[in-house]
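Reading through the C-alpha cells given below for one structure.
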Amino acid sequence: MPESRIAMNVRKPNPTTSVIDIEGEVNAGGELILMGAYNEAVSDGASAVVLNFGGLEYMNSGGIGLLVTLLIRAQRQGQRLLAFGLNDHYRQIFELTRLDEAIRIFDGEASALGDVP
C-alpha cells in the first residue's frame, strides 16, 4: 500500500456537526487516518460530517475509493457527508465520479454548516 502524507484534524463547530480538516495527500495509504478521523468526528453522535479539502495537495483514485467507503459508512449510520475547499480540478473529479450527488459540495465552511439543521 502506498504511503500517505496526510494529517487530519477534527473540530466540532456545533452539537450536530463535525468538521474534518484534511491536509496533504489522500490515497489508499491514508485509510487508517481517514477512518480514525471519521470515528472521532462521530463519536459523540454528530449527524453530519463536513470534509474540509482546503489543505488537499493531491488525491488519486485510491483516495476517491476511500471517500466512497467513507460515504457508505456514513450512510449506514444515518449521517450526512458534506464538503468544501475543493479546487476546480477536484470538483470536476467529484462530478465525473458522481460523488457530488452524494456528498454536497459548498464554496466555504459557513455555507456547508448552514446546510446542517
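The values are calculated or read from the model by the stated rules, or taken from the named source; none is laboratory data. Note that the coordinates shown come from a computational prediction; the quantities given were computed from them, not determined experimentally. With ideal geometry, Cβ positions are generated from the backbone for all residues, glycine too; neighbour counts draw on all protein chains shown.
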(request) Could you tell me whether Glu31 is touching a Ser or Thr at 6+ places or on another chain (Cβ under 7 Å) and either farther than 21 Å from Pro13 by Cβ or surrounded by 19 or more Cβ atoms within 10 Å (Cβ to Cβ) (or both)? (result) no
(message) Can you list the strands (runs of 3 or more DSSP E) lying wholly within region 15-92 that have 1 or more residues being within 19 Å of Arg5 (Cβ to Cβ) and free of Cβ contacts under 8 Å to residues at least 12 places away in the same chain?
(response) none
(request) Give the number of residues within region 17-35 that are in contact with a strand residue (DSSP E or B) (Cβ under 6 Å, 6 or more places away or on another chain) and polar (S, T, N, Q). (result) 2
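So that you can scan it fast, the table gives a plain yes or no per residue for (1) small (Gly, Ala, Ser); (2) out of contact with any Ser or Thr (no Cβ under 9 Å at 6 or more places or on another chain):
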{"residue": "Pro15", "(1), (2)": "no, yes"}
{"residue": "Met35", "(1), (2)": "no, no"}
{"residue": "Gly45", "(1), (2)": "yes, no"}
{"residue": "Asn52", "(1), (2)": "no, yes"}
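Mind listing whichever residues of region 66-117 are at positive phi and buried (at least 18 other Cβ atoms within 10 Å of the Cβ)?
Correct list: Gly85 only.
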(request) Quickly run through region 93-117 and pick out the residues that are among the hydroxyl-bearing types (Ser, Thr, Tyr) and not in a helix (DSSP H, G or I). (result) Thr97
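Quick check on my filter: what residues within region 21-45 are closer than 14 Å to Val116 by Cβ and modelled with pLDDT of 95 or more?
Result: Ala41, Val42.
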